[in-house]
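Read through the structure below, which is laid out as structure tokens, and then see the notes.
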Amino acid sequence: MKIGILPVGEIAPDVLLGVQQGLVKTFPDIACTIIKRVMPVPKLAFDKKRNQYSSSVILNEIRSYASKHEKFHGVLGVVDVDIFVPELNYVFGQADTPGRAALISLWRLKPKFNGESADSDVFVLRALKESIHELGHTLGLPHCPRSFCVMHFSNSIFDTDKKQSLLCDQCYLQAALAINNLG
Ligand SMILES: [Zn+2]
Ligand SMILES: [Zn+2]
């Protein structure tokens, strides 16, 4: 499985690198490239009333990028703005389930955002967990009832911190089968 990590707006290179290295350790049979080109954050995504960006509008752009770059089985967009879907106050990410487009936002993962002191290890680990989670969705994985599994739904940063950066045995098996089916 070939994954492209697509920066949407300027993203700190160490985070992209941490996510890339972590993804390679998590999924079987995966190659992971950081795409050099930066996709601008779509202006249309900004919602003035909410002062946030529409996750679905950004995901649309990633989907369209993925359709033009068929060498990637999946494209993971990484954005550093606050994103939302209409039903929720915010989301950490969104993905097509199954599909080829995924998105995570770093905005609410930063220790500083959560009133903690800066810690780049914690930050990168959170970004990795959310990346694995969204890519898991692109492979067709639903939310997992096990709170330690990375496919467990994160309602808050506490849920993200509680879960491991690993798929449970059942989710791993399902991911491995899906990856195998990609050929
Ligand atoms: Zn999810
Ligand atoms: Zn699981």
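Please treat every number below as a calculation from the coordinates, not as lab data. Because the structure is predicted, anything quoted here is derived from the model rather than measured. Backbone-built Cβ (ideal geometry, glycine too); neighbour counts: all protein chains shown.
For the reader, a short list of remarks on this structure follows.
- Some residue of the stretch 65-74 being within 16 Å of ligand 1 (Cβ to nearest atom), in contact with a strand residue (DSSP E or B) (Cβ under 9 Å, 6 or more places away or on another chain) and not β-branched (Val, Ile, Thr): yes
- The residue that is farthest from Arg108 (Cα to Cα), counting only those in the stretch 124-142 that are in a helix (DSSP H, G or I) and in contact with a Pro (Cβ under 8 Å, 6 or more places away or on another chain), is Thr138.
- Qualifying residue in the stretch 158-172 (condition: within 12 Å of ligand 1 (Cβ to nearest atom), among the aromatic types (Phe, Trp, Tyr), surrounded by fewer than 18 Cβ atoms within 10 Å (Cβ to Cβ) and at negative phi): no
- For the stretch 31-45, a residue qualifies if it is touching a helix residue (DSSP H, G or I) at 6+ places or on another chain (Cβ under 6 Å) and among the aliphatic types (A, V, I, L, M), and the qualifying residues are Ile34, Leu44, Ala45.
- Filtering Ser56, Ser64 for residues that are closer than 24 Å to Ala31 by Cβ and surrounded by fewer than 20 Cβ atoms within 10 Å (Cβ to Cβ) leaves a single hit, Ser64.
- Qualifying residue in the stretch 95-118 (condition: within 16 Å of ligand 2 (Cβ to nearest atom), within 11 Å of the chain's Cα centre (by Cα) and surrounded by 15 or more Cβ atoms within 10 Å (Cβ to Cβ)): yes
- Residues that are in contact (Cβ under 8 Å) with a residue 40 or more places away in the chain and in a helix (DSSP H, G or I) were ranked within the stretch 143-171; the one that is nearest to ligand 2 (Cβ to nearest atom) is Thr160.
- Selection of the stretch 15-69 for residues being touching an Asp or Glu at 6+ places or on another chain (Cβ under 9 Å) and among the basic types (Lys, Arg) yields Arg50, Arg63.
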